[in-house]
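The values are calculated or read from the model by the stated rules, or taken from the named source; none is laboratory data. Everything numeric in this text was worked out from a predicted model, so none of it was measured. Note: ideal-geometry Cβ built from the backbone for every residue, glycine included; neighbour counts use all protein chains shown. What goes into the accessible areas is simple: the full protein's heavy atoms, side chains included, and nothing from ligands, DNA or RNA. Shrake-Rupley method; radii C 1.70, N 1.55, O 1.52, S 1.80 Å.
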Amino acid sequence: MAEHLQQEIFPNCHIGLIHGRMKAIEKDRIMADFTEKKIQILVATTIIEVGIDIPEASLMVIEHAERFGLSQLHQLRGRVGRSNTPSYCILLAQHSGSDDARKRMRIMEETNDGFRIAEEDLSIRGPGEFMGTRQSGLPDFRIANIIRDGRILSDAKGDAFALMEEDPHLEKPEHLPIKEVLLRRWRGKLDLGRTG
């Protein structure tokens, strides 16, 4: 892509390329050249997602944006617009993307608010398992929605902590049915908590 841009699209500009397989000294040199405006266009992988602060960078084009999650798109977009210079982030996406990909693109168009983006990401991907290894997907709640029912879940958490304070091993007769359900439902995943 860098060669194509240099030879066919922007022959009068100096184009640089940076990616994660480069040695640190090479990456540092390219970033210094970009900062000093020796490079006008930088073609990069997502290596530039964090830790890069070039206030003069004013345009970012993200190819195949439908392949990225919301938090990653938000981080990438945050690399431009770090000064008073008007800046733009252009998301190029395939129309054949999934419904979730289209939702992510719509959210990125609608807001720059990182908190809202995180909420929408949670809504789309799900929180994953609380007592397991999946980092996304819907939890095994029977009736609760983690976003919509946040307050009642917080109340339930408080009640659970109070119960554990009163009867940590659930040995009182009135708590034995709770213990049996927890062991039956969570036995394999509770073992995961003892690992390490």
| Quick one: in segment 33-78, which of the residues that are more than 22 Å from F10 (Cα to Cα) and basic (K, R) is modelled with the lowest pLDDT? | R67
| request: Considering only residues that are hydrophobic (A, V, I, L, M, F, W, C) and open to solvent by less than 60 Å² (accessible area, probe 1.4 Å), look in segment 107-121 and name the one that is farthest from A93 (Cα to Cα). | output: A118
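Condition check ((1) open to solvent by 40 Å² or more (accessible area, probe 1.4 Å); (2) out of contact with any Leu (no Cβ under 7 Å at 6 or more places or on another chain); (3) at positive phi) across all residues:
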site	(1), (2), (3)
A44	yes, yes, no
A57	no, yes, no
R67	yes, yes, no
G78	no, yes, no
R82	yes, yes, no
Y88	yes, no, no
